[in-house]
Amino acid sequence: MRLKDKVSLITGAARGIGREIAFVLGREGAKVLICDINIEEALKTKEDLEKQFIIVEAIQADVSKYSEVEQMVNKILDKFGKVDILVNNAGIRKDNLILRMNEADWDKVIDINLKGTFNCIKAVSKVMLKQKYGKIINIASIVGIMGNVGQANYSASKAGVIALTKTAARELASRNINVNAIAPGFISTEMTKDLSAEVKQKMLAQIPLGRFGLPEDVAKVCLFLASDESSYVTGQTIIVDGGMLMY
Ligand code: NAP
């Protein structure tokens, strides 16, 4: 077991990519703290994880609010005494063309995707600095590198996450804390479910591996970054997109 006795916190883990990351880290021996704004769904995921004998707690928190993040980290410390792995996965999209995008939708996406990632890094890195150990993995997106029509808020938030990853990696490296990002392409989850058949077809045509990604494709790379197999990797963004973006 590659993560035996490690304590991992995964945000937005009630469903989708975060849920799969919880299973993959849990199966490798990690204790799993699943944070989500949607506690009902998180509790269902907790039950499913427990069926596989994974030690798990579900915690409700809105990552865009620092006070809630701080309370969550304190609860984890009371119960488990440490945090070894943080996966910043919680994210939303609210797409529109720039001219039609309203201020509220811009703010909401930046608040959750970018500020939420900062909030969790800030609260957890305090703990990791004392431990002199930590793995932080931020879920970005390829659109944070290449941009995408209709996703000004989302792509800017993910570009911010990539830059934040590099800064955090530099600030925390001397205390044995690795900070990396994953930039997924198109992954089949609730987030992408409502895209039109036409948009999906156009995307598929651009993917050399000829299929959409699955949550487990991202989770397996996350496991590598959460384990000591990647101990000499920091500040990097690993693209998981079937070859859609090569640069
Ligand atoms: P998803 O199925 O929509 O799951 C996201 C989870 O995050 C949901 O359970 C959601 O709760 C929760 N969440 C939303 N706002 C939150 C907040 N403020 N605090 C805590 N939790 C919150 O999304 P996904 O497709 O698994 O995506 C996971 C991550 O991968 C996101 O960061 C996304 O941007 C990134 N990503 C996804 C794709 C893709 O193609 N799917 C591609 C590139 C990057 P609710 O149900 O209440 O909203």
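The values are calculated or read from the model by the stated rules, or taken from the named source; none is laboratory data. A quick note: this is a predicted structure, and the numbers were derived from the prediction, not measured. Cβ placement follows ideal geometry from the backbone for every residue including glycine, while neighbour counts extend to all protein chains displayed. We work out accessible area using only protein heavy atoms, side chains counted, and drop any ligands, DNA or RNA first. Shrake-Rupley method; radii C 1.70, N 1.55, O 1.52, S 1.80 Å.
A few comments on the model shown:
- Those residues of segment 99-145 which are of a type in the set (S, T, N, Q) and either in contact with an Asp or Glu (Cβ under 9 Å, 6 or more places away or on another chain) or in contact (Cβ under 8 Å) with a residue 40 or more places away in the chain (or both), in sequence order: N113, T117, N119, S125, Q131, N138, S141
- Residue among I177, I137, I145 that is touching a Cys at 6+ places or on another chain (Cβ under 8 Å) and either open to solvent by less than 10 Å² (accessible area, probe 1.4 Å) or within 25 Å of E229 (Cβ to Cβ) (or both): I137
- Flag if K94 is within 23 Å of R170 (Cα to Cα) and at pLDDT 95 or above: no
- Of all the numbered requirements in (1) within 15 Å of the ligand (Cβ to nearest atom); (2) of a type in the set (D, E, K, R); (3) surrounded by fewer than 24 Cβ atoms within 10 Å (Cβ to Cβ), D78 misses one, and that requirement is (1).
- For the residues T192, T117, T167, the requirement of being in contact with a Lys or Arg (Cβ under 9 Å, 6 or more places away or on another chain), hydroxyl-bearing (S, T, Y) and assigned to a helix (DSSP H, G or I) singles out T192.
- Residues that are more than 13 Å from the ligand (Cβ to nearest atom), crowded, with 22+ Cβ neighbours inside 10 Å and not aliphatic (A, V, I, L, M) within segment 1-45 comprise K6, S8, G26, K31, listed in sequence order.
- Taken over segment 152-174, the residue count meeting the criterion of being open to solvent by 20 Å² or more (accessible area, probe 1.4 Å) and within 10 Å of the ligand (Cβ to nearest atom) is 1.
- Single residue of segment 86-134 satisfying the filter (of a type in the set (A, V, I, L, M) and away from the ligand (no atom under 16 Å from the Cβ)) that is most open to solvent (accessible area, probe 1.4 Å): L99
- Matching residues in segment 46-60 - criterion: being more than 9 Å from the ligand (Cβ to nearest atom) and either surrounded by fewer than 16 Cβ atoms within 10 Å (Cβ to Cβ) or within 23 Å of Q71 (Cα to Cα) (or both): K46, E47, D48, E50, K51, Q52, F53, I55, V56, E57, A58, I59
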